[in-house]
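Enquirer: Structure in structure tokens, see below.
The values are calculated or read from the model by the stated rules, or taken from the named source; none is laboratory data. These figures come from a predicted structure and were not determined experimentally. No Cβ is skipped: glycine too gets one built from the backbone with ideal geometry, and neighbour counts run over all protein chains shown. We work out accessible area using only protein heavy atoms, side chains counted, and drop any ligands, DNA or RNA first. Shrake-Rupley method; radii C 1.70, N 1.55, O 1.52, S 1.80 Å.
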Amino acid sequence: VTQRPTTNFRPALASARVIGSTRSIRVFAYAKPVDLRRSYDGLFAIATQQTNQDVLGATQSPTQSPTQSPTQSPTQSPTQSPQSDAESDKKSGKKNRQLDFPTVEKKHALADDDQACDHCGGQLAEWEGQFEEFEEIDVVERIYRIVEHRRQKYRCACGCAAVTAPGPTRLRGSGFSLLFSITVCVDNWGMHLPHVRQSGEMAALGCPIPDAQLWQQAELLARTLEPAYDALGDYVANSELIHAGEMPWPLLAKDSTKWWAWSFS
């Protein structure tokens with residue numbers, strides 16, 4: 001508890017132990033055990049009760065009743081909870097929402113053995129609507145799974161035809177989902193994570209897939225998208241205005257021979 005020295009503050013802390021002092025501030029030690037996990041309001045209330053003063057400088061109101069909480073206003077009922085710092089920040093728009101991520105609320109409660117008052121030994125009860133709140137960015141681990149598809153079959157009562165429900169879109173000749181193949185290509189060429197490193201990461205997560213199979217998925221996806229690639233080339237070639245750029249492309253040789261790479265858009 002820190003307090004600037006005043007004349008009426010010294011008698012109130014006559015029994016407290018002074019552990020530090022300067023010309024402007026005196027530091028007093030609270031001799032009894034205190035649960036430091038308490039909120040700021042809880043610690044403030046303990047200090048105020050023991051010193052019979054508002055340790056931030058304001059003295060106790062003469063009209064305050066002995067049973068009234070030091071942080072409770074005279075017009076506030078005993079069952080009414082004071083507004084917490086978190087609620088005040090939430091109402092004033094100060095909530096530290098860094099990004100627009102999905103939000104998961106997780107409530108933390110005291111264990112049964114810890115629900116006893118440190119001062120009187122009484123049973124602690126939940127303070128309705130009062131929490132210490134903070135936010136943190138968490139990560140959800142990537143999980144590989146096997147999806148069993150069951151395409152329902154239908155038949156007519158006359159027995160003339162049988163119809164099967166369509167399944168998901170797949171790459172021809174692939175035993176992996178389309179999303180899996182797209183993820184492999186994005187991680188390799190978009191995030192610069194080579195297939196051999198992807199294979200090691202998958203093995204660490206319990207999915208041992210050789211990097212050769214990842215190359216195969218990239219090849220199958222490239223063949224599937226080849227018509228779109230050709231269509232983009234035709235679209236650029238038939239445009240009214242074409243931008244062309246060139247850049248040197250060094251060869252893996254000892255001489256200084258260079259190739260040139262041209263790009264059109």
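Enquirer: Take TRP249 and tell me if it is under 29 Å from HIS195 (Cβ atoms), in contact with an Asp or Glu (Cβ under 6 Å, 6 or more places away or on another chain) and at pLDDT below 95. First the steps, then the outcome.
Expert: On the way: under 29 Å from HIS195 (Cβ atoms): yes; in contact with an Asp or Glu (Cβ under 6 Å, 6 or more places away or on another chain): no; at pLDDT below 95: yes.
No; evaluated as a whole, the condition is false for this residue.
Enquirer: A further question follows. Restricting attention to segment 125-155, which residues are closer than 28 Å to ASP100 by Cβ and β-branched (Val, Ile, Thr)?
Expert: ILE137, VAL139, VAL140, ILE143
Every residue, every condition in (1) in contact with a Leu (Cβ under 9 Å, 6 or more places away or on another chain); (2) open to solvent by less than 90 Å² (accessible area, probe 1.4 Å); (3) in a helix (DSSP H, G or I), yes or no:
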| site | (1), (2), (3) |
| --- | --- |
| ILE137 | yes, no, no |
| GLU141 | yes, no, no |
| LEU171 | yes, yes, no |
| GLY175 | no, yes, no |
| CYS185 | yes, yes, yes |
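Enquirer: All but one of (1) more than 27 Å from ARG151 (Cα to Cα); (2) touching a residue at least 60 places away in the same chain (Cβ under 8 Å) hold for GLU201, so report the exception by its number.
Expert: (2)
Enquirer: Follow-up question, since we're still on this one. List pairs: first in segment 213-237 and closer than 10 Å to SER181 by Cβ, second hydroxyl-bearing (Ser, Thr, Tyr) and open to solvent by less than 90 Å² (accessible area, probe 1.4 Å), Cβ under 7 Å, 6+ apart or cross-chain?
Expert: Partner pairs satisfying both residue conditions: LEU214/SER199; GLN217/SER174; GLN217/SER181; LEU220/SER174; LEU220/SER181; LEU221/SER181.
Enquirer: Given the condition closer than 22 Å to LEU43 by Cα, open to solvent by less than 100 Å² (accessible area, probe 1.4 Å) and touching a strand residue (DSSP E or B) at 6+ places or on another chain (Cβ under 7 Å), answer yes or no: does some residue in segment 100-110 qualify?
Expert: No; the residues of segment 100-110 include none that is closer than 22 Å to LEU43 by Cα, open to solvent by less than 100 Å² (accessible area, probe 1.4 Å) and touching a strand residue (DSSP E or B) at 6+ places or on another chain (Cβ under 7 Å).
Enquirer: Scanning segment 190-202 for residues that are hydrophobic (A, V, I, L, M, F, W, C) and either in contact with a Lys or Arg (Cβ under 6 Å, 6 or more places away or on another chain) or within 15 Å of PHE180 (Cβ to Cβ) (or both), which turns out most open to solvent (accessible area, probe 1.4 Å)? Walk me through it before giving the result.
Expert: Going residue by residue through segment 190-202, those that are hydrophobic (A, V, I, L, M, F, W, C) are 191, 193, 196, 202.
From what is left, the residues that are either in contact with a Lys or Arg (Cβ under 6 Å, 6 or more places away or on another chain) or within 15 Å of PHE180 (Cβ to Cβ) (or both) are 193, 202.
Working: LEU193: 47, MET202: 7 Å².
The residue in question is LEU193.
Enquirer: A further question on this structure: Are any residues in segment 203-214 surrounded by 14 or more Cβ atoms within 10 Å (Cβ to Cβ) and part of a helix (DSSP H, G or I), and if so, which ones?
Expert: ASP211, GLN213, LEU214
Enquirer: Next up: In segment 113-135, what count of residues is obtained for those that are hydrophobic (A, V, I, L, M, F, W, C) and surrounded by 10 or more Cβ atoms within 10 Å (Cβ to Cβ)? I'd like the intermediate steps shown before the answer.
Expert: At the first step, the residues of segment 113-135 found to be hydrophobic (A, V, I, L, M, F, W, C) are 116-117, 120, 124-125, 127, 131, 134.
Cutting the leftovers down to surrounded by 10 or more Cβ atoms within 10 Å (Cβ to Cβ) gives us 116-117, 124, 127, 131.
Qualifying residue count for the region: 5.
Enquirer: While we're looking at this one, here's another question. Six or more apart or on different chains, Cβ atoms under 9 Å: show the pairs whose first residue is in segment 156-181 and touching a residue at least 12 places away in the same chain (Cβ under 8 Å) and whose second is assigned to a loop (DSSP other than H, G, I, E, B) and of a type in the set (Phe, Trp, Tyr).
Expert: PHE180/TYR144
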